[in-house]
Amino acid sequence: MAGYGDFSYYYDMLTENVDYEKRCDYICNLLAENGIGKGILLDLACGTGSLSVLLSQRGFDVIGTDASEDMLTKAQEKKYDSAPDAIFLCQKMEELDLFGTINAAVCTLDSINHVTDESKVKKIFRRVSLFMEDGGIFIFDVNTPYKHKSILADNTFVYDMDEVYCVWQNSTDENLITTVSLDIFEYDEETDSYIRYGEEFSERGYELDLLKKFAEENKFEVIGIYDELTKESLKETSQRAVFVLKKHGTQ
């Protein structure tokens, strides 16, 4: 997911259904329940920085990291408008390298699923743990195996909006790796025609017990696994799982 080239321009349009305010409230409540209401917070795979900005406005010193320079360009624009204290760094998740320690970390909107190499996912937990203070909280979400098998699967989705038309085609294999092919069409008034852009990336559905194992191997205690934006237990048909981890001990 390091590129996202043209997709970065349309990302906010195609995710306008994401209620970032509600997601920010949810994360802040989970952090507050665990004694964290301020400090240095890492927004891992921050994308265009929508959540980073909101968390900064809530009083956190936010460091947003992402592997896509194009995404971070959008994040910088939002920073200048409303979150001057946020810092953005271009880094892959498994190569996280910070200047000091953090009190908390978040990784949202199934970003970990985009890392299809299991060994790299292990490194993500290792790197976050390395920079996390004892007692710090790491919150991340993932698309569940159920979503990959039954919702994403081999299905096609169409997004028809005023400024852009997108055809989203999936192909899921036996290892729950879903290849996503995007065809994006933007209307050009000058030529009265559509300009087409293409993008392709993959996601992998990880068994939740495996992610729990990776966390525990890196000195994280799993203190909660919830259904999306709730404190409820997961159901068989839950599409997204939210993990809340607490760092214990030092490396």
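The values are calculated or read from the model by the stated rules, or taken from the named source; none is laboratory data. The structure displayed is predicted, hence computed values, not measured ones. Every residue, glycine as well, gets a Cβ built from its backbone with ideal geometry; the counts of neighbours run over all protein chains shown.
Scan the range 83-116 residue by residue and report those that are polar (S, T, N, Q) and without any contact (Cβ under 8 Å) to a residue 40 or more places away in the chain. Hit for the range 83-116 is Gln91, nothing else.
Of the helices (runs of 4 or more DSSP H) contained entirely in the range 1-108, those carrying at least 3 residues that are modelled with pLDDT of 95 or more fall at 20-33, 50-57.
Residue-wise test of (1) within 24 Å of Lys231 (Cα to Cα); (2) more than 19 Å from the chain's Cα centre (by Cα); (3) not acidic (Asp, Glu).
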position	(1), (2), (3)
Ser119	no, no, yes
Tyr146	yes, no, yes
Thr156	no, yes, yes
Met161	no, yes, yes
Tyr165	no, yes, yes
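Might you let me know whether the range 75-85 holds any residue that is surrounded by fewer than 23 Cβ atoms within 10 Å (Cβ to Cβ) and within 27 Å of Leu211 (Cα to Cα)? No, that holds for no residue. Test Gly49 against the criterion of being among the small types (Gly, Ala, Ser) and without any contact (Cβ under 8 Å) to a residue 60 or more places away in the chain, and give yes or no. Here the answer is yes, as Gly49 does meet what is asked.
Among the residues of this structure, Glu77 counts as one that is under 28 Å from Leu182 (Cα atoms), without any contact (Cβ under 8 Å) to a residue 40 or more places away in the chain and in the same structural domain as Phe125 (by TED's automatic domain parsing).
Would you check if Ala86 is aliphatic (A, V, I, L, M), on the phi < 0 side of the Ramachandran plot and touching a Lys or Arg at 6+ places or on another chain (Cβ under 8 Å)?
yes
Restricted to strands (runs of 3 or more DSSP E) entirely inside the range 153-227, those with at least 2 residues that are out of contact with any Cys (no Cβ under 6 Å at 6 or more places or on another chain), of a type in the set (Val, Ile, Thr) and under 30 Å from Val128 (Cα atoms) are 177-188, 220-227.
Scanning the range 225-243 for residues that are within 19 Å of Asn113 (Cα to Cα) and surrounded by 13 or more Cβ atoms within 10 Å (Cβ to Cβ) turns up Ile225, Tyr226, Asp227, Glu228, Leu229, Leu234, Ser238, Gln239, Arg240, Ala241, Val242, Phe243.
Criterion applied to Asp192, Asp154 was being loosely packed, with under 14 Cβ neighbours inside 10 Å, in contact (Cβ under 8 Å) with a residue 12 or more places away in the chain and not small (Gly, Ala, Ser), and the one residue passing it is Asp154.
Quick one: how many residues across the range 109-126 are in a loop (DSSP other than H, G, I, E, B) and touching a strand residue (DSSP E or B) at 6+ places or on another chain (Cβ under 8 Å)?
Number of matching residues: 5.
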